[in-house]
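K.L.:
A single structure is presented below for examination.
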Amino acid sequence: MKNPGPILRRLLAALLLAPAAAFCAPYPNGGSQALNRFVTPNGDGKNDTFIFRCYNPRYSGVTGKIYDLAGRVAGTMRVKSSNNADYFDLLEWVPDSGGKKRGGIYIYRIRIEATVYKGTIVLIR
């Protein structure tokens, strides 16, 4: 492959920066993990949003951002539920909030205390 093109270079860079593994470090009750990596915001109620389940036994502040392959912020995740008895918080990204996002590959970055979780999301239109 002589010249892979800018899109392929961005994709390869994104995969290097954000491993595709959906599951993060294990915890006694399961683990922090992306519950769905393929998002189809078509209004059918199935996979319309990206949800990340975060193990948070100390009820620490959790932040989550979504980036496009160029590194621009595409969205901010909101806490869907927190302070649950099982110590898990749910963070959610609604792709169409703040303007309709284009289909493609996005990168999530979630921070809880000193731990950062990164991975990829595929937005299918």
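K.L.:
Residues with amide H under 5 Å of M77's amide H, sequence separation 5 or more or different chain, H placed in the peptide plane at 1.01 Å from N; which?
P.N.:
For M77, the qualifying residues are G64, K65, I66.
K.L.:
Residue by residue through region 66-81, which ³J(HN,Hα) values in whole Hz follow from phi under the Karplus form 6.51 cos²θ - 1.76 cosθ + 1.60 (θ = phi - 60°), with glycine and proline marked x?
P.N.:
10, 10, 7, 5, 7, x, 7, 5, 9, x, 10, 7, 10, 7, 7, 8
K.L.:
Scaled to the compact-protein estimate 2.2 N^0.38 Å, what is the alpha-carbon radius of gyration of region 50-125, rounded to two decimal places?
P.N.:
Compared with the compact-globule rule of thumb, region 50-125 sits at 1.11.
Readers should treat all values here as calculations from the given coordinates under stated rules, not as data from a laboratory. These numbers come from a predicted model, not from an experiment.
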